[in-house]
Every structure is written in C-alpha cells, then in structure tokens.
Amino acid sequence: MSQAADERRMEADVVVVGAGLAGLTATRTLKDAGYTVRLLEARERVGGRLKGFDLGDGKAVDLGGEYFGDKSTAIAATAASVGVRGFRTYDEGRRITVLDGRRYEYTGLFPWRVGPATLADFGQAVLRIERLARSVPPEAPWRAPNARWLDSQTFWSWCRRNTVTPAARAFLTMVMEAGYCASPADLSLLHVLYYANASGGFRYLVEVSGGIQRYRFEGGAHSIPDRLAARLPEELRTGAAVRRVEQRADSVLVSGTGYEVRARYAVIALPVTLAGRLVYEPALPGTRDQFTQRMPAGAAIKCLAVYDEPFWRADGLSGQVTSNRGPFRVAFDTSPSDGSPGVLSAFVTGSAARALARLTPSERRAAVLTGLAEAFGPQAARPRAFVEQNWLDAEFTRGCYHGFAPPGLYTAYGQALRTPIGLIHWAGTESGVHQMGSMGGAVDSGRRAAREIIARDSGESVRQLAAADPVRRG
Ligand SMILES: Cc1cc2nc3c(=O)[nH]c(=O)nc-3n(C[C@H](O)[C@H](O)[C@H](O)COP(=O)(O)OP(=O)(O)OC[C@H]3O[C@@H](n4cnc5c(N)ncnc54)[C@H](O)[C@@H]3O)c2cc1C
C-alpha cells in the first residue's frame, strides 16, 4: 500500500478521539503498556480547552484552563513528568468587588463592609454547602444519601430557602457564574456539590492562595499538552475531525473525511455534548443518548488585556475583581511569573457570556475594558493588546469550562457517564473522578479509560491496575 493509502486506512489496537489532556493521557498510558494507538484530533493544534496566547520574548499566558492547587495532584504530576513547572498566582494586596454597581476594596475572602448580616448569611450558606458537598461521592454522585432530593432542585431554589439577604445571594450567584459558567437556576444542586467535593471542597474552589487558584504553569498550561504530543509523533494525527464510529463484532471503525481507523477499542475523549454529536452505528443505547442530550457546556469568553506593567500592584491591588452585574464575573492578575508585561484576565461567564456573546468582538472589547476601568481606573482602558477567546463559538469545544448537570440528570442517567458500550470507552474531564471538570479530571479520566482497556485484555480489575500504578493521581 502507498503511504497516502496508509494514511487513509490505519489500524491500531486502540483509536483515541480528541487530543485534549484526556485523550493525550489515555494515549500515553496505553502506549506505555505496549499498545499501538492512533490519536485523532480535529484541530491543527492539541490541547482543546487549553490554549496559549503568545506574549513575545518566549512568554505566553492562558486563554483556557490555567490554575491548580495543592490538591491538584493529577495535573501537577503530569506537568512535572514533561518538565512544566508551577509558580504562585499573584495574590498580594486588596481585592475588589463591584456589587450592584458599588465598588468595595477588601482583604480576605469576603468584603466585610457589605455588612454583618450579609457576612453571617454568606458564611452560614458556605458552611452548609461544604457539609452537603462532603456527602456526595465523586465516583458516583447518584449514590449520595438524599441524591434524589439534591438532584430535584436547582442551586437557585436552594439559595432562596437557605439565605435571607439579597447580597449573600448575589455573592453565591457570582461564585456559580464564575466557577461553573452557568446561572444558579441552571444547575442541579447535586452537580454543584459533586463538583465542589471532587475539586477538594467548596471553599477550596473559591479561594486563591488557600485553594485551587494557588498556582499557574510557567509558559502556560497549554505547554503540558504540547509536550505530551511531542512524545507521540507516530500516534497523533491532527486536522482529523471524527464523524462516525462503527462497531463490528470484534473491531471498531472510526472515520472522518478521507480516512478511517480500524481498532480493537475506541476511547472517545470529547466534551459530552460533542461526543453525542458523532454518528454511532449501531445507534448507542437510549440511556447514553439521553445522558448526552442533557449535559450542556457552560458559557465562557476569556479576555486578556496586556499592559506594559501590572500598574495595579503599585496601588496595592491584587488584580482580583468580582462583579455581579458587570461584563465579567471575575478578573485576575495573570501576568507571567516575573510580572512583565502586566496582564489582566477577565472571565465573561454565565449570564454575562450569554449577553456579551450577542455583541461584536469590538463591542465586547469596549464592554470588558469599561469594566476593568471601573475597577482599576482609566489606565485599564488602554491596554497595549487585547485578545478574547470565545469558547461558545469554538466548533470543537462549544462552551466551557466543562459540562454541567441540570436537575435530574445524574440520578436518572448518571451511570451512563463512564460505562463502556461494547468496544467504546469514555474519557474527558466530565467523566473524571478526581477534580472532575478541571485539568486534573481530564488526566484522571484518560488514565481510567486506558486502564479499563488494559483490564479487559489482562483479566486484572481496573481497581487492581489503579492500585499498582505508581502515580495513581498523575
Ligand atoms: C476558559 C477556561 C478556563 C478554565 N480554567 C481552568 C482552570 O483554571 N483550572 C483547571 O484545572 N481547568 C480549567 N478549565 C477546564 C480545563 O481546561 C478542562 O477541564 C480540560 O482542559 C478538558 O480536557 P479534555 O481533554 O477533557 O477536553 P478538551 O480539552 O475539550 O479536549 C477535547 C479534544 O477533542 C477535540 N475534538 C472535538 N471534536 C472532535 C472530533 N469530532 N474529532 C476529533 N477531535 C475532536 C478538540 O479539538 C479537543 O482537542 C478551564 C477551561 C476553560 C475553557
């Protein structure tokens, strides 16, 4: 066969669809175990929801996933294995919150000047969420005590019953929109608790130095998939959007325009919504399809404003802003580790993303810069560069940071999240256990899917393989 024909008709033990962290991890794990693998990626780049913006001088910042904390052991181990180092997120000075148009500066987790009643109300709500979250097992949220009750309500209906002050509700709304990229009324309470517990706790999820935003990666998080891919030159094929997955008696045929791969197993490492858009032959069982019909992606547009220097630091400000009504819900100082140039990242999420997605890019830029200027003064309105990544528009992502569950999903169809169907196994951060939804969840899911396949061939159990793994979380 000619080389061109070789490229059109490929064979492997396993075909992996999607070269985000999950697909790359599955490929690497299977290759290390002696499997031949083909990894098919629709884009011309790897990394999916991890993407860099080049600042020049060998520096880059993140337009996608970025932060990790002390409990993020899976992504930290993967980064270390390819020589990517972490550094502390800038977290000195006062924070800003803009609540219903009023600007407050504060230190600590909460702006106490909004008043003691609000502070007490918010504090008791966080304690209750924390306690409830601990009752939801990340490996099977549908098995939580009271799972049906937790899954029958939205986070908003819970808030209405468990808080009394409008400002505490506004803060919780801000947290949901910034962290889950959805409105409280979209989210199953069970999902909120599941994500919080899988991440390391609710308070941990919202804290910076004491939480999951504690570190960033030198050169940007996207350098992790770039380096993983560099070690898989034989396996990876980019520009190969998969459209069809056909299961035969003892093989699976995965194809797109102009090529096909025959393999013994397939790993689909896509966001849940996109996994549901592939054509399966024979059609998947109804329970899996009902599941993929019900897990939408969150809404987020990440904007970066680049300045000659991080001028806010000289004013004693951390660069962190939260806002309940403005064009973005949260902003961070996302400058490189040496503080040059100064970079602010604004996360246009949830209801803000839905509203701003309807604007033109130049209208969005104007809106975000106005919001930054309200927080940091007129200098913030004059960046030397501005870039946005609209993840809603991205054909091979379609929203982020991750898929979320509306009420009823996990208790009705949760089992379909990870259960293999014939020769097809499922990966992607949404199916991770450790830090589901984050980079760690993607790594965790890729390793689990690979182990499922190795276990089928070796007769060992997935649990045995996981226990024998020297870097279980890595
Ligand atoms: C703005 C933003 C901020 C975030 N912040 C953080 C953070 O601070 N910390 C954190 O830990 N996580 C964060 N995340 C989440 C994190 O980036 C993701 O959880 C993780 O990268 C998901 O990896 P994945 O491999 O599961 O999916 P993806 O990265 O989505 O990978 C799927 C891959 O499949 C490809 N693909 C899609 N369709 C097809 C097809 N038909 N055929 C072939 N290939 C296809 C895609 O191009 C992509 O490369 C953030 C995400 C975003 C977008």
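No lab work stands behind these numbers, since they all come straight from the coordinates. Computed from a prediction, not measured in an experiment: that's the story for all the values here. Neighbour counts are summed over all protein chains in view; Cβ atoms, including those assigned to glycine, are modelled from backbone coordinates with ideal geometry.
A few comments on the model shown:
- Think of the chain as a dipole: +1 on every Lys or Arg Cβ, -1 on every Asp or Glu Cβ, centred on the Cα centre; then among G47, S438, P233, S438 lies furthest on the positive end.
- Inter-label distance, E281 to E7: 2.5 nm, where each label sits 7 Å from its Cα along the C-beta direction.
- Lys, Arg +1 and Asp, Glu -1 on Cβ, resulting dipole of the chain about Cα centre, debye, nearest 20: 960
- Cβ crowding within 10 Å averaged over residues, with 101-110, 439-448 ranked highest first: 439-448, 101-110
- Positive contributions from Lys and Arg (+1) and negative ones from Asp and Glu (-1), summed over other residues with Cβ under 9 Å from the Cβ of T27, come out at +2.
- As computed over the chain, the Cα convex hull volume per residue (Å³): 138
- Prolate/oblate/rounded label for the stretch 193-249 (Cα gyration tensor, a/c 1.5): oblate
- DSSP beta bridge pairing in the chain, given as percent antiparallel to the nearest 5: 65
- In terms of its C-alpha gyration tensor, the stretch 82-132 comes out oblate, because a/c is 1.5 or above while a/b does not outweigh b/c.
- Between the stretch 345-406 and the stretch 228-242, the Cα center-to-center distance that results, in Å: 31
- In sequence order, calculated HN-Hα J values of the stretch 55-72 (Karplus, 6.51, -1.76, 1.60; Hz; x Gly/Pro): 9, x, 6, x, 10, 8, 10, 9, 9, x, x, 8, 9, 8, x, 5, 8, 7
- Three-way shape call for the stretch 141-216 based on the alpha-carbon gyration tensor, with the a/c threshold at 1.5: oblate
- When only alpha carbons are used to place a centre, the stretch 6-22 and the stretch 266-310 end up 19 Å from one another.
- Modelled FRET efficiency - R0 60 Å, S337 with W149, Cβ distances, 0.05 increments: 0.85
- Net charge of the neighbourhood of L253, taken over other residues with C-beta under 11 Å away and scored Lys/Arg +1, Asp/Glu -1, is 0.
- Taking a Cβ cut-off of under 11 Å around A455, the surrounding Lys, Arg, Asp and Glu residues balance to a net charge of +1, with basic ones at +1 and acidic ones at -1.
- Partner lysines whose Cα lies under 25 Å from the Cα of K59, excluding those fewer than 8 positions away in the same chain, are identified as K51, K302.
- FRET efficiency estimate (nearest 0.05) - Cβ-Cβ, E44 to E246, R0 30 angstrom: 0.70
- Using θ = phi - 60° in the Karplus curve 6.51 cos²θ - 1.76 cosθ + 1.60, the 3J(HN,Hα) couplings for the stretch 423-436 round to 9, 9, 10, 10, 10, x, 3, 4, 9, x, 9, 5, 6, 3 Hz; x is entered for Gly and Pro.
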